[in-house]
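First up is the structure itself, then whatever we jot down about it.
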Amino acid sequence: MKYPEVQNYIGGSFFHGSNTKYLDVISPIDGSLLSKVPISSKEDLNHAVTKAQNAFLTWSKVPIKERVQVFFRYKVLLEKHMLELSQLIQEENGKTLDEARAEIEKSIELTEFACSLPQMTGGEILEVSKGVECRTDYYPVGVVACIVPFNFPSMVPNWTIPNAIALGNTMILKPSESVPLSAVRIAELLKKAGLPDGVFNIINGDREIVEAICDHPGIEAVSFVGSTKVAKLVYARASSSHKRVLALGGAKNHLIVLPDAHPSMTASNVAASMSGCAGQRCMAASVMVAVGASEKIIEQVCVEARKIIPGQNLGSVISLEAKERIEKYISEAEEQGATILVDGRNIVVQGKENGFYVGPTVIDHVNTAMKVATDEIFGPVLSIIRVKDIDEAIAIENASPYGNAAAVFTQSGGMARQIIERASAGMIGVNIGVPVPREPFSFGGWNESKFGVGDLTGKSSIQFWTKLKKTTTKWNPEAKTNWMS
């Protein structure tokens, strides 16, 4: 075992859970044992909530311009430890080192945004009548909990940590049991940056601890990122406990390719979107909807896909179960009549024979009755559906229950505008395969890709992580009175 057993982080210290059950933390790169992670109990969660509540009494009263000083220092530490943090992500998640480094760079950008929050949360003040002023102020919610997935061990936690804490909340983070090591380093760096004990806490575990978080009366807000199936359950359970909830679910993103699309730019974007992070991201290209004559572009996509080599510029998937599930989708599509243009099944990487690898896969002549066209596969698999016109393409995109992202590849501004207006998705790309907004623009989809109001990142996150207080004041009794005063 390369690393010590993972422990919960509560009140500024690491603790073994009260439960003696542990899960193995396996590196998907080579199947080696990295560590063990505890299955925490409700008693452990109670301990974390108590520490967070106590810390909130002090932290919430610290002026925001002082609170963000922690994140100026945290940003510097992320930059200083870039290589170490990237290598840790690579080990526990299976990304390439370049992808892991990009994740830390995004975490730095998210932290930079949090440092700007004092300039965005000053509230407003207005004389609404003679001698009468109204003003607004942002107040923190309280103890908040963030439940995060395996696919971005650093970035997704940093979607929430800097903003929520800078805005005065205290936090309990529940990492994925598959990738708990990055969360440990986040805690260590936050403490080194000067964050007071109890403001940030980590509770490890499985489904039982997630349910306990949803039910706990001391937790005021819950954010979740994961599959749509679980997002629905978390949203329903936590909101029934009168919490504010924002749960981000899965996706089935459509890239609509028009006949006038630039062939090489389109092909490289589509292939990269399909295979980046081994397809394990909710912004991955999953379906290419080819409108009209598109043979040359499809051929070029296959050329680009074959340049993506598992173990070199393509990382592993998270587990053996994930590998088997993804390959089952491919085989089922082939049995149903689809054509496998690039086949990523049965991949073994030399020197990493026990790793979990799926090669880039391109499947042509897919129809909407096939599961590969409708289910979130979460692997480096691209399904191609051929259609005759833009209306048919839009109909396919709109029929998906998800609504995270969609993209169009074209040289026509008018056609692009049609897709932008008619696609049922919260994030749209024009000649961009992964249309993730940069800060201060927020991340979030539509439909069954998101449950709750608002977004977790960017300016929209302020409304989720704070409560708005409105104050009306009149001091001068000599002012003329009217219906407003």
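Please give the peptides 247-258, 342-353, 101-112 ranked by average Cβ packing (other Cβ atoms within 10 Å per residue), highest first, as a rough proxy for protection. Spell out each step's value before the answer.
Working: 247-258: 26.5, 342-353: 14.8, 101-112: 20.3.
The densest-packed peptide leads the list: 247-258, 101-112, 342-353.
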Which part of the stretch 152-177 falls in the paramagnetic zone of D206, meaning amide N under 16 Å from the point 7 Å along Cα-to-beta-carbon?
175-177
Other residues with Cβ under 10 Å from the Cβ of M288 give, with Lys and Arg +1 and Asp and Glu -1, a net charge of 0
Where does the charge balance sit around N93 when Lys and Arg score +1, Asp and Glu -1, over other residues with C-beta under 12 Å from its C-beta?
-2
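With Cβ to Cβ distances under 10 Å as the rule, what net charge do the other residues near I347 carry (K, R +1; D, E -1)? Please report the intermediate quantities before stating the final value.
Working: positive: K323, R345; negative: E327, D343.
That sum, taken over residues with Cβ under 10 Å, equals 0.
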Of A338, G226, W475, whose Cα points farthest to the positive end of the dipole of the chain (charges on the beta-carbon: +1 Lys, Arg; -1 Asp, Glu; origin at the Cα centre)?
W475
Given 10 Å bins starting at zero, what is the percent of C-alpha pairs of the stretch 163-268 in each, up to the one with the largest pair distance?
12, 34, 27, 13, 12, 2
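For the chain, what does the relative contact order come out to in percent, with C-alpha contacts under 8 Å and a separation of six or more? Write down the numbers at each step before the final one.
On the way: 1118 pairs, mean separation 85.5, N = 485.
Over the chain, the number comes to 18 percent.
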Please name which of G249, G194, L382 has its Cα lying farthest along the dipole of the chain towards the positive end, using unit charges on Cβ (Lys, Arg +1; Asp, Glu -1) and the Cα centre as origin.
G194
Could I have the simple spin-label model distance between H365 and A293, label points 7 Å from Cα toward Cβ, reported in nm to one decimal?
2.2
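To the nearest 0.05, how large is the calculated FRET efficiency for T473 and S240 if R₀ is 41 Å and r is the Cβ-Cβ distance?
On the way: r = 38 Å, r/R0 = 0.92.
The computed FRET efficiency comes out at 0.60.
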Extension gain (nm, one decimal) between D391 and E334, 0.36 nm per residue minus Cα-Cα:
17.8 nm
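Please work out the FRET efficiency for the pair L83 and F14, using the Cβ-Cβ distance as r and a Förster radius of 30 Å; give the result to the nearest 0.05. Please list the in-between numbers first.
On the way: r = 24 Å, r/R0 = 0.79.
According to the calculation, E is roughly 0.80.
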Span from the the stretch 45-90 Cα centroid across to the the stretch 387-464 one, whole angstrom:
32
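Work out how much length E124 to E353 would gain on full extension: take 0.36 nm times their residue separation and subtract the Cα-Cα distance, in nm to one decimal. Before the final figure, lay out the partial values.
Working: separation 229, 0.36 × 229 = 82.44 nm, distance 6.05 nm.
Full extension from E124 to E353 adds 76.4 nm.
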What distance in nm lies between label points placed 7 Å from Cα along the C-beta direction at R417 and N398?
1.9
Which residue, chosen from L83, A238, F409, occupies the Cα position most advanced towards the positive end of the dipole of the chain, where the dipole is computed from +1 (Lys, Arg) and -1 (Asp, Glu) charges on Cβ about the Cα centre?
A238
D_trans [Stokes-Einstein, Kirkwood Rh over alpha-carbon pairs] for the chain, 25 °C, 0.890 mPa s, µm² s⁻¹:
104
Rounded to the nearest 20 debye, what is the charge dipole size of the stretch 341-394 about its Cα centre when +1 sits on each Lys and Arg Cβ and -1 on each Asp and Glu Cβ?
200
Arrange the following residues from fewest to most other Cβ atoms within 10 Å of their Cβ: M370, M288.
M370, M288
Total charge dipole magnitude, the chain, about the Cα centre, Cβ charges on Lys, Arg, Asp, Glu only, Debye to nearest 20:
1520
Based on C-alpha coordinates, I'd like the Rg and Dmax of the stretch 291-366, in Å.
13.5, 44
Which of the peptides 176-183, 391-398 is most tightly packed, and how do the rest follow, judged by the mean count of other Cβ atoms within 10 Å per residue?
176-183, 391-398
Quick one: work out Rg over Rh on the C-alpha atoms of the stretch 120-185, Rh as Kirkwood radius.
1.26
Spacing of the two label points (7 Å from each Cα toward its C-beta) at C134 and K307, in nm
5.7
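Values quoted throughout were computed directly from the atomic coordinates according to the rules given, and no laboratory measurement underlies them. Computed from a prediction, not measured in an experiment: that's the story for all the values here. Backbone-built Cβ (ideal geometry, glycine too); neighbour counts: all protein chains shown.
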